[in-house]
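Step one of this worksheet: look at the structure below.
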Amino acid sequence: MKKLAWLIVSPLLASPLFAADLMQVYRDAQDNDPTFAAARATLDAGREKAPQGLSGLLPSLTLTGNTVWNKNEISTHNGPTLSKPQYNSNGYQLTLSQPLFRWQNWVSYDQSKMQVAQAEANFVQARQDLILRVAQAYFDAIYAVENLKAVRANKTAIAQQLESAKKNFEVGTATITDSHEAQARYDLASAQEIAAESDFEVKQHALQSIIGKVPGPLATPRKDAELTMPQPSDMNQWVAAAEKDSITVQVQQAAADIAALEVDKQRAGHYPTLDLVANQGHSKSYGFISGVGTTPFDTDYTNIGLQLNIPLFQGGLTVSRQREAAANRTAAQSGLEAARRGAALSARQYYLGVTNGLAQVRALKAALVSSQSALESNKLGYEVGVRINIDVLNAENQVYVTRRDLARATLDTLLAQLRLKAATGSLGEEDVAQINALLDPSSAL
């Protein structure tokens with residue numbers, strides 16, 4: 001049983017394990033997390049919007065060529081056939097086109113710059129999400145170990161109760177009901193242990209899926225770690241910052257700006273366009289000259305001019321696209337308002353999560369001191385004969401349970417601090433470093 005317990009706490013011993021703190025795990029996640037890798041590639045793709053938008057303002061150069069096999073029959077009206085020439089005609093043309101006035105292209109260029117800004121904001125969001133996912137998985141793995149310890153301590157206490165109940169029944173000082181009740185509690189504790197072991201394995205694999213390797217011992221919060229109030233300690237200031245600077249708000253603001261420009265772009269479908277067009281080429285063909293026959297002609301040409309296009313009517317397509325763009329602009333503006341409200345709600349939720357978590361941590365620290373004092377008292381009472389062994393085991397179990405609850409409250413508070421920073425768009429690697437400073441590598445689980 002002891003061997004099994006060790007294998008559960010230290011899974012996959014055949015694999016190389018590494019001691020890691022939160023910062024090290026975050027570094028591994030940056031290199032190995034597929035979701036973050038996809039976000040990085042999406043950013044590279046989004047940055048290409050800028051040169052694509054600029055291309056609509058720059059000249060274009062096109063080279064075309066042709067070759068045609070001709071088979072003709074030349075005759076006079078109702079007369080004899082004069083010739084049946086068969087020949088190949090060919091040519092090429094180099095065309096230069098420079099837009100002079102295409103309003104929709106200018107609007108597209110402005111949109112491309114906003115699309116790049118949106119892609120950058122989406123990547124910042126992905127980086128913040130990575131921090132939160134790593135912290136969540138890291139803290140879940142730590143808590144799973146603490147929970148497993150508490151469950152096993154409870155099972156040990158119940159096993160002692162069961163053994164005592166059976167002995168008392170054998171000597172006639174207890175009823176069979178006491179044994180059955182103790183057995184039921186032990187069976188329930190065994191089921192809880194199996195569930196805790198399964199949860200531990202799941203949390204280990206969840207962390208592994210992010211960092212790309214088997215997680216080894218993880219540093220836990222120092223016992224003397226002091227959690228502090230968010231600064232500034234005014235929830236309204238955090239809410240205001242979230243409404244303005246939340247990455248979600250920034251992304252939606254860019255979407256709203258792009259949608260507004262799309263209305264101008266579609267309206268430009270009514271405007272004329274003016275281009276500078278230059279052509280240079282060569283063609284070779286054949287012609288029939290009476291009395292001479294089939295004669296080749298070589299033509300070299302160069303021309304330059306202005307090309308004006310005035311759209312008159314396109315079956316209502318342009319007007320319909322304007323209405324579509326206007327509707328999308330309204331939807332984007334509503335999405336922006338929803339993002340602001342959601343950011344404000346998140347800021348309030350996580351600010352309260354931090355403040356309430358700090359209060360809970362203080363209360364559980366006091367409870368842990370009381371539980372440890374009770375344990376010492378029961379041990380002393382057992383030595384002098386006024387307490388029995390089960391009293392000591394129950395007191396010891398209470399210490400484990402309180403320690404587990406304290407770990408949960410501490411980890412939840414740390415995670416709420418990170419989520420609060422994310423709600424305001426300010427979560428970064430320096431925040432990971434601050435949390436990491438509260439961990440003790442020597443107490444790795």
Discussion item. Being of a type outside the set (Val, Ile, Thr), surrounded by fewer than 21 Cβ atoms within 10 Å (Cβ to Cβ) and touching a Phe, Trp or Tyr at 6+ places or on another chain (Cβ under 6 Å) narrows it down to one residue among Arg419, Arg404, Arg408; which is it?
Written reply: Arg408
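Being of a type in the set (S, T, N, Q) and touching a residue at least 60 places away in the same chain (Cβ under 8 Å) is the filter here, so list the residues in segment 308-330 that pass it. Talk me through it step by step, then tell me what you get.
Residues of segment 308-330 of a type in the set (S, T, N, Q): 309, 314, 318, 320, 322, 328, 330.
Within segment 308-330, Asn328 is the sole residue that qualifies.
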Response to the item:
From the option list Ala433, Ala395, single residue qualifying as in the same structural domain as Gln161 (by TED's automatic domain parsing) and surrounded by fewer than 16 Cβ atoms within 10 Å (Cβ to Cβ) is Ala433
Item to complete: Check whether at least one residue in segment 231-238 is closer than 30 Å to Ala363 by Cα and of a type in the set (A, V, I, L, M, F, W, C), and report yes or no.
Response: yes
Worksheet entry | Sole exception among (1) buried (at least 17 other Cβ atoms within 10 Å of the Cβ); (2) under 19 Å from Leu415 (Cβ atoms); (3) polar (S, T, N, Q); (4) without any contact (Cβ under 8 Å) to a residue 24 or more places away in the chain for Asn356, by number | (1)
Discussion item. Tally up the residues in segment 231-259 that are part of a loop (DSSP other than H, G, I, E, B) and buried (at least 20 other Cβ atoms within 10 Å of the Cβ), please.
Written reply: 1
Response to the item:
Filtering segment 145-192 for residues that are farther than 17 Å from Asp405 by Cα and part of a helix (DSSP H, G or I) leaves a count of 33
Fill in: Flag if Arg348 is under 24 Å from Glu262 (Cβ atoms) and either within 26 Å of the chain's Cα centre (by Cα) or exposed (fewer than 15 other Cβ atoms within 10 Å of the Cβ) (or both)
no
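Would you point out which residue out of Leu82, Leu96 is surrounded by 12 or more Cβ atoms within 10 Å (Cβ to Cβ) and at pLDDT below 90?
Leu82
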Worksheet, complete the sentence: Of (1) modelled with pLDDT of 90 or more; (2) over 28 Å from Ile435 (Cβ atoms), Ala189 fails just (1)
Worksheet item: Of the residues in segment 386-415, how many are touching a residue at least 12 places away in the same chain (Cβ under 8 Å), within 17 Å of Gln160 (Cα to Cα) and not β-branched (Val, Ile, Thr)?
Response: 9
Item to complete: Could you tell me which residue of segment 373-392 is surrounded by the fewest Cβ atoms within 10 Å (Cβ to Cβ), considering only residues that are of a type in the set (D, E, K, R) and assigned to a helix (DSSP H, G or I)?
Response: Glu383
Worksheet entry | Residue ID - farthest from Phe200 (Cα to Cα), chosen from residues in segment 98-149 that are under 14 Å from the mean Cα position of the chain (by Cα) and among the small types (Gly, Ala, Ser) | Ala119
Item to complete: Go through the residues of segment 256-271 one by one and say whether even a single one is more than 21 Å from Arg340 (Cα to Cα) and touching a strand residue (DSSP E or B) at 6+ places or on another chain (Cβ under 9 Å).
Response: yes
Fill in: Pairs where the first residue, in segment 88-113, is in contact (Cβ under 8 Å) with a residue 40 or more places away in the chain and the second is of a type in the set (Phe, Trp, Tyr), C-beta under 7 Å, 6+ apart
Ser89/Tyr286; Trp103/Tyr271
Item to complete: Please tell me if Leu368 is in contact with a Leu (Cβ under 8 Å, 6 or more places away or on another chain) and in contact (Cβ under 8 Å) with a residue 40 or more places away in the chain.
Response: no
Discussion item. I'd like to verify a number: residues in segment 389-428 that are among the charged types (D, E, K, R) and within 20 Å of Val369 (Cα to Cα), how many?
Written reply: 6
Worksheet, complete the sentence: Of the residues in segment 179-221 that are in contact (Cβ under 8 Å) with a residue 60 or more places away in the chain and among the acidic types (Asp, Glu), the one that is surrounded by the fewest Cβ atoms within 10 Å (Cβ to Cβ) is Glu201
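The values are calculated or read from the model by the stated rules, or taken from the named source; none is laboratory data. Since the model is a prediction, treat every value here as computed from it, not as a measurement. Note that each Cβ is placed from the backbone with ideal geometry, even for glycine, and that neighbours are counted across all protein chains shown.
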